[in-house]
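Structure record follows, encoded as structure tokens.
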Amino acid sequence: MLKTATEQTTLPTLFVPHGAPTFALSPGAAGAAMEEIAQRIGKPKAVLIVSAHWDTEVPTLGVVPRPETIHDYYGFPQPLYAIRYPAPGAVPLAMDARMLLEESGFDVALDPRRGLDHGAWIPLRLMFPDATVPVLTLSVQGHLGPAHHYRVGQALAPLREAGVLIVGSGNLTHNLGHFHQLRGAAQAPDYVTAFQDWISRQLGAGDVNALLAYRALAPGAVQAHPTDEHLLPFYVALGAAGSEFATEAVYSGIEHNMLAMDSYAFWPASSLHYSLQH
């Protein structure tokens, strides 16, 4: 049973992978690490989750009392289509989030129909399997890049003090064009591990400016992310962590020879609940 996150005045933020849809059926070590970090954090009052699979023109919040489970994929094993994650929505939290975003100068939209796509329900089901934590979804803007999403995170940071866990769900590398090419390969291509290592080093150094300029500075950046959307939730979590944070490397690994499944927790710098792993 999850403890309640009451001992910490400010929660960490998380960046987690959602992997291929089959991750829901075979979560392995990456999934176990997500379960473990959720146990350590405790049960939040609500979760605000940013999924790479919801892309809109402006930041958009899902205002649905009972979000449906969206199976936004095709050609996968039938058991994946039977999964439901019946968590309640968090409509009052959406109003608070909208206010914070608008106060920071963002145009904000509300969506009264949007459910939980697999970028949202897969990690939530692993971390909070009883589906009792209220969930608020937030979209990405794939055309606006890391700096925009970092500022979105900064705007939402006060929610952490109210017991809200802010989670970015994507993948540290994501090149679906290589998915079939690399099937059966002996190991991941160099760009995957080089990109993982570069992100880890910048986080260890606390170099946010370098991370924001990843596309120009990181080795293999364009191969790791032909388009930005699967890394953009990382920047929301990073921005919401505040100017002083401690990075915990929760897990590092590769699936399908091209999907980096790394997860990170960004703890308050004064927290006694984190452990550094650079």
Sorting check: for 165-171, 215-221, which peptide has the highest mean count of neighbouring beta carbons within 10 Å, and how do the rest follow?
165-171, 215-221
Nearest 5 is fine: what % of DSSP beta bridges in the range 17-268 come out antiparallel, could you say?
35
Within 14 Å, Cβ to Cβ, of Leu203, how many net charges do the neighbouring residues add up to if Lys/Arg are +1 and Asp/Glu are -1?
-4
Taking the mean number of other Cβ atoms within 10 Å as a proxy for protection, how do you rank 75-83, 194-202, 151-159 from highest to lowest?
151-159, 194-202, 75-83
Once the other residues with Cβ under 14 Å from the Cβ of Gly239 are scored (Lys, Arg +1; Asp, Glu -1), what is the net sum?
+1
Could you order peptides 248-256, 14-22, 228-236 by the average number of other Cβ atoms within 10 Å of their residues, highest first?
228-236, 14-22, 248-256
Enter the mean projected area of the convex hull around the alpha-carbon atoms of the range 107-209, in nm², rounded to one decimal.
9.8
Cα-based Rg of the range 17-268 per 2.2 N^0.38 Å, rounded to two decimals?
0.94
Compactness ratio of the range 1-103: Cα Rg over 2.2 N^0.38 Å, N = residue count?
1.22
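Each reported figure results from applying straightforward, stated rules to the coordinates on display, with no laboratory input. Please read all numbers here as calculations on a predicted model, not as lab measurements. FYI the Cβ positions are ideal-geometry reconstructions off the backbone, even for glycines, and counts take in every protein chain you see.
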